[in-house]
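These notes concern the structure reproduced below.
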Amino acid sequence: MTTRRQKAERLADEELMPRIGRKDTEAFEVFYDRHGGVAWSLAYRILGERGAAEDCVQEAFISIWRNGGRFDPTRGSVRSWTLSIVRNRAIDVLRSKAGKAPKMTFDDDAILESRPAEERTEEEAMRHETATEVRGALSQLPGEQSKVIQLAYFGGFSQSEIATMLDLPLGTVKGRMRLGLEKIRGELAEGPA
Amino acid sequence: MNANDHDRRLEEVAAYALGALDPGQVVELEQHLAACSRCQEELQWLSPAVRALPETVEPRTPPSALKRRLMAEVHADAAAEARRARGEERRQRAETRPGLGEWLRGLNVGGLTWKPLAGLALVVIVIAGGIGYAVGNGGGSGGGPEASVSTFRSGRAPGVLAEVRREGSTGRLQLENVPPLADGRVLEAWVQRDGTVEPVKGLFAPDHRGEATTTIADLGGVDLVMVTVEPAGGTRAPTSAPIASVRID
């Protein structure tokens, strides 16, 4: 006999969201199991503190649970929408801690109690491939382009804050952001169809 | 706008996509985006690169306590929601029952007993209800008074155009020419009532034609409707200048 949980597991993310909007707890649990890992890793990457990352992910997922019906499929995937909510909350936390510089490295493996998430589905394998491509593209970027992108995206710094921090003209920071993103985008475009 | 100004804006699109534009420049760029197809294309082209950035973080299994805490809150929420729904159902049943009972008691006249009359009354109600339903759906004008409809507009092309259509106490807010939003940004509507600004329930986003709509459940006493671009999930108070505002007379 198929359980509600098993039925939910067979659904695509876009099909889970209306169920979450109707307060289906099994659908929400499947949604968390699919994206909770990367959400937590992202929050930890930005905040650099385990407790703060947990609070951030919990708040982000609760807001999705309470407002699941707001997902708009014309504006990207459920996963990217979810991660943008997590990222925005994490950056808000960083900014609210006035004067505290965000952690910009991910070197404290002891703080993590886990293993890399296993690939469960073909979709996840494709995500892994995309991640490998983007990591490859980021690593091939000139250091100065990679740095401004990482400071902006993972550090939550504005372009003028980055210019001050790195003692660069604002125009140089803008140019490096654009060139770096163009290269990553180009790498994605050349990937497997 | 000259070519240099345009190139400067184009350069800022990457920072906007990364959420790194300085707050004061966001509204200015969003207004430019509304009227510039080349910058819109640039934003659409770069967005997948930004969306892919979180995937570069090595995925790890989160602490199991996080899922336990989260699911406990979700189950508590779902239980509270179910209790609220049951309470509402009981309240609605309670509201209808005494009215009927009182009406039936009032009919205990002329030596007739209450119980047979109650049965008769129910038959009358069912038949009358059926007739009323048929008349109401037959396009007759015999319903309640029609809600008054008014329309309020603001904005000028090529900027964002806004229209509020008021029907009775509710309103429908429709926007056109809304520029594409950066990832993680949504539209949030606000109403001003007695000098106080309140959020409208329900966030929304423009479609591929730049059109967006939302409903304002209560327009009573509202003198101004505004729309701002906010982080996904919404905020309790506006964090940026309105991209559209409509005065309600």
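The values are calculated or read from the model by the stated rules, or taken from the named source; none is laboratory data. Owing to the predicted nature of the structure, the values given are computational and were not obtained by experimental measurement. Backbone-built Cβ (ideal geometry, glycine too); neighbour counts: all protein chains shown. Side chains are part of the model used for accessible areas, which takes the heavy atoms of the whole protein and leaves out ligands, DNA and RNA. Shrake-Rupley method; radii C 1.70, N 1.55, O 1.52, S 1.80 Å.
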remark   = Restricting attention to segment A:36-61, the residues that are within 10 Å of chain B (Cβ to nearest Cβ) and open to solvent by less than 10 Å² (accessible area, probe 1.4 Å) number exactly 13
task = Select the helices (runs of 4 or more DSSP H) contained entirely in segment A:1-89, then report the ones holding at least 3 residues which are aromatic (Phe, Trp, Tyr).
result = A:25-47
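So that you can scan it fast, the table gives a plain yes or no per residue for (1) closer than 26 Å to B:Ala49 by Cα; (2) among the aliphatic types (A, V, I, L, M):
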position: B:Arg172; (1), (2): no, no
position: B:Gly184; (1), (2): yes, no
position: B:Leu187; (1), (2): yes, yes
position: B:Asp194; (1), (2): no, no
position: B:Pro206; (1), (2): yes, no
position: B:Gly221; (1), (2): no, no
position: B:Ile243; (1), (2): no, yes
ask   = Could we say that B:Ala217 is under 14 Å from the mean Cα position of the chain (by Cα) and at pLDDT 80 or above here?
value = yes
ask   = Has segment A:128-135 got any residue that is modelled with pLDDT under 90 and under 24 Å from B:Leu66 (Cα atoms)?
value = yes
message = When you check B:Trp45 against the structure, is it surrounded by fewer than 20 Cβ atoms within 10 Å (Cβ to Cβ) and at pLDDT below 90, yes or no?
response = no
When residues of segment A:65-79 are limited to those that are more than 24 Å from A:Ile149 (Cα to Cα) and more than 8 Å from chain B (Cβ to nearest Cβ), the one least open to solvent (accessible area, probe 1.4 Å) = A:Gly68
task = Kindly check whether there is at least one residue in segment B:189-204 that is closer than 15 Å to A:Arg70 by Cα and open to solvent by 60 Å² or more (accessible area, probe 1.4 Å).
result = yes
remark   = Considering segment B:157-214, residues that are acidic (Asp, Glu) and modelled with pLDDT under 85, and then whichever is farthest from B:Ala20 (Cα to Cα), we arrive at B:Glu167
Given (1) over 26 Å from B:Leu33 (Cα atoms); (2) within 14 Å of chain A (Cβ to nearest Cβ), number of the condition B:Glu198 does not satisfy = (2)
remark   = Picked from segment A:126-168 (must be under 16 Å from the mean Cα position of the chain (by Cα) and hydroxyl-bearing (Ser, Thr, Tyr)), the residue least open to solvent (accessible area, probe 1.4 Å) is A:Tyr153
message = Looking at segment A:138-152, I want the residues that are away from chain B (no Cβ under 13 Å) and have a partner that is assigned to a helix (DSSP H, G or I) and surrounded by 15 or more Cβ atoms within 10 Å (Cβ to Cβ) with Cβ atoms under 6 Å, at least 6 apart or on another chain. Which pairs are those?
response = A:Glu144/A:Arg176
task = Working carefully through the options B:Glu73, B:Glu11, B:Glu58, find the one that is within 7 Å of another protein chain (Cβ to nearest Cβ), touching a Pro at 6+ places or on another chain (Cβ under 7 Å) and surrounded by fewer than 20 Cβ atoms within 10 Å (Cβ to Cβ).
result = B:Glu58
